[in-house]
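Structure record follows, encoded as structure tokens.
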Amino acid sequence: MTPDELLTTTRSVRRRLDLERPVPRELIVDCIQVATQAPTGGNRQQWHWLVVTDPEKRRFIGERYRESWYAYASEGRPTYEPGDPRRKQLKGVVTSARYLADHMGEVPTMVIPCIAGRVDGQDNLAIAGLYGSIVPAVWSFMLAARLRGLGSAYTTLHLKYEREVAEQLGLPYAEYTQAALLPLAYYTGETFQPAERIPLESIVHWERW
């Protein structure tokens with residue numbers, strides 16, 4: 001797989017996660033090893049990776065995620081003009097997101113990337129710095145997973161219950177921020193294709209907005 005192919009076909013996998021097949025520990029470690037080569041602010045490398053495979057813990061997290069997703073979904077969805085590719089993709093996105101919400105607790109492995117520190121109530125400079133030191137590593141993890149036949153999705157809705165999840169997992173809430181929840185499993189089917197995106201001329205600006 002070329003770098004361009006990897007980057008353009010790494011999709012959010014929700015309905016095509018194999019809920020029955022366990023993910024070997026060594027593959028998870030390999031993906032984390034790749035992820036920790038990502039850039040991090042000041043080379044501080046303050047990331048931590050919490051891997052959850054215990055059925056009861058997955059069930060607990062899955063229930064919180066489902067509650068959060070349905071609350072979020074009840075708020076409505078954005079609307080798009082005819083011809084906008086997001087308009088025709090919306091139904092499929094909602095359907096797959098609902099499927100993941102209903103089955104999150106059944107995914108064989110959950111990975112929670114964390115970063116030392118908290119930015120509650122701080123300005124955008126602090127927020128960007130904190131997340132800028134973990135998000136690149138999370139994306140690298142997902143790319144590494146894709147190369148190994150694994151699918152995932154960058155989700156954050158469990159963070160509505162971040163403190164509860166931290167207590168359940170023994171994670172020091174006051175010291176570490178959970179950046180995401182990555183369901184991790186082998187994916188079913190053959191492969192993935194690039195997605196249709198909105199035209200570049202509507203989002204690229206030269207010299208000024």
Mind giving me the nanometre distance, one decimal, between the label points for Arg16 and Val51, set 7 Å out from Cα along Cα→Cβ?
-> 2.4 nm
How big is the charge dipole of the chain about its Cα centre, in debye rounded to the nearest 20, if each Lys and Arg gets +1 on its Cβ and each Asp and Glu gets -1 on its Cβ?
-> 340 debye
In this structure, the FRET efficiency calculated for Glu207 and Glu75 from their beta-carbon separation, with R0 = 41 Å, to the nearest 0.05, is 0.65
Spacing of the two label points (7 Å from each Cα toward its C-beta) at Lys88 and Glu26, in nm = 4.4 nm
With a probe of 1.4 Å, find how much accessible area the chain has per residue, and write the answer as a whole number in Å².
-> 58 Å²
Accessible surface of the chain [probe 1.4 Å, protein heavy atoms]: carbon and sulfur percent = 51 percent
Kindly state, to the nearest 0.05, the FRET efficiency for Leu147 paired with Thr95, given R0 = 25 Å and r defined as their beta-carbon distance.
-> 0.40
Estimated 222 nm signal from helices in the chain, with DSSP H stretches of n ≥ 4 weighted -39500 (n - 2.57), rounded to 500 | -13000 deg cm²/dmol
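The values are calculated or read from the model by the stated rules, or taken from the named source; none is laboratory data. Not measured: the values here are computed from a predicted model. Note that each Cβ is placed from the backbone with ideal geometry, even for glycine, and that neighbours are counted across all protein chains shown. Ligands, DNA and RNA are stripped out before the accessible areas are found, and what is left, the full protein with its side chains, is counted by its heavy atoms. Shrake-Rupley method; radii C 1.70, N 1.55, O 1.52, S 1.80 Å.
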